[in-house]
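To start, the structure under review is shown below, and the notes come after it.
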Amino acid sequence: MTESSTTAPIITISNVWKYFGSLPALQDVSLDIAPGERVVIIGPSGSGKSTLLRSINRLEEIDQGSIIVKGENIMSPDNDINLIRQNLGMVFQQFNLFPHKTVLENLTMAPITLRKLTREEAESRALGLLKKVGISEKANVYPAMLSGGQQQRVAIARALAMQPAIMLFDEPTSALDPEMVGEVLDVMVKLAEEGMTMVCVTHEMGFARTVADRLIFMDQGQIVEQGRPETLFTTPRHPRLRQFLNQIL
Ligand code: ADP
Ligand code: MG
């Protein structure tokens, strides 16, 4: 990322509040993300990381503030959220593949119905993506036949099949057996190297250290500290970040 200061943000989050009942899950969160930037969000359980990520594609409706994605206000009644969502690929902790569809069908459904690709175009794109995530040979099997790591790689490929401008990852390796974490992180590193704009919630500090342009620490619904990963790891300023790092490192 070299042009962040001169390029308009691809995501602008301004003074966002989100309540669940009386609980403020997001408290006045503001964040600009530059095209091609790799942002990693860390923080204790319940600090609002998932709520922030989900708010970006309006899986959660914010109560105050605004979120602009590629120039479009996601809350504006004039904008079609389904079109805005096509810019945003999302990968969850649970892989959420369609269990009754083959791997290939998982990748071709949305491009055919939403992007109006022909079946041939969609399949050719899907096969390319399966090759990229290293599971070409599984195109015709059902998700249940795959390991967790393979399923998550399919989920990443499925998100990429819509050619999103931005990828959102919410703890993509947290549900995996330890021996499968690496194969999923490898795919994410490859994406980062290709210049994908990425916002990743993860506890994988090695990934954060090598990939993140910016590390963001959230606590109690707020962005408490942010900066270069090495700076936050070596000289954390806020006591709550210091305490968090002591617990996980
Ligand atoms: P994190 O991802 O950092 O663990 P979350 O964004 O999931 O945190 O949650 C932030 C806070 O909002 C937590 O206190 C959580 O219990 C609460 N919360 C999240 N989703 C809901 C929901 N659908 N209904 C009620 N409370 C929720
Ligand atoms: Mg979460």
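Remarks
- Ordering L23, A159, S136 by Cα displacement along the dipole of the chain toward the positive end leaves S136 in first place; charges were set at the Cβ atoms of Lys, Arg (+1) and Asp, Glu (-1).
- Solvent-accessible area per residue, Å², over the chain with all protein chains present [probe radius 1.4 Å]: 47 Å²
- Note on the chain: helix-only mean residue ellipticity at 222 nm, from DSSP H runs of 4+ residues weighted -39500 (n - 2.57) and normalised by residue number, equals -10500 deg cm²/dmol.
- The stretch between K101 and E179 holds 25.5 nm of extra length on full extension. This uses 0.36 nm per residue minus the Cα-Cα distance.
- If the segment from E230 to D78 were pulled out straight at 0.36 nm per residue, it would be longer than the present Cα-Cα gap by 50.5 nm.
- Convex hull (Cα only) mean projected area of segment 40-97, reported in nm² to one decimal: 5.0 nm²
- Think of segment 1-105 as a dipole: +1 on every Lys or Arg Cβ, -1 on every Asp or Glu Cβ, centred on the Cα centre; then among I74, Q86, H100, H100 lies furthest on the positive end.
- Under Stokes-Einstein, with the Kirkwood radius over Cα pairs as Rh, the value for the chain at 4 °C and 1.567 mPa s is 69 µm²/s.
- A Förster distance of 35 Å, applied to the separation of the beta-carbon atoms of E61 and T7, puts the FRET efficiency at 0.75.
- Expected-Rg normalisation [2.2 N^0.38 Å, Cα atoms] applied to segment 41-158: 1.21
- Dipole magnitude for the chain: computed about the Cα centre from +1 point charges on Lys and Arg Cβ and -1 point charges on Asp and Glu Cβ, it is near 160 debye.
- Projecting the Cα atoms of M196, Q226, L53 onto the dipole axis of segment 11-247, where Lys and Arg carry +1 and Asp and Glu carry -1 at the beta carbon, places M196 farthest toward the positive end.
- Projected label distance in nm at R115 and Q220, using a 7 Å step from Cα toward the beta-carbon: 4.4 nm
- Accessible area of the chain belonging to carbon and sulfur atoms, whole % at 1.4 Å probe: 49 percent
- Extension gain from K190 to N140, taking 0.36 nm per residue of separation minus the Cα-Cα distance: 15.6 nm
- About the Cα centre, charge dipole magnitude for segment 172-247 (Lys/Arg +1, Asp/Glu -1 at Cβ), debye: 500 debye
The values are calculated or read from the model by the stated rules, or taken from the named source; none is laboratory data. Computed from a predicted model, the values in this text were never measured in an experiment. For neighbour counting, all protein chains shown are included, and Cβ atoms are generated from backbone atoms with ideal geometry for every residue, glycine included. With ligands, DNA and RNA removed, areas are computed over all heavy atoms of the protein, side chains included. Shrake-Rupley method; radii C 1.70, N 1.55, O 1.52, S 1.80 Å.
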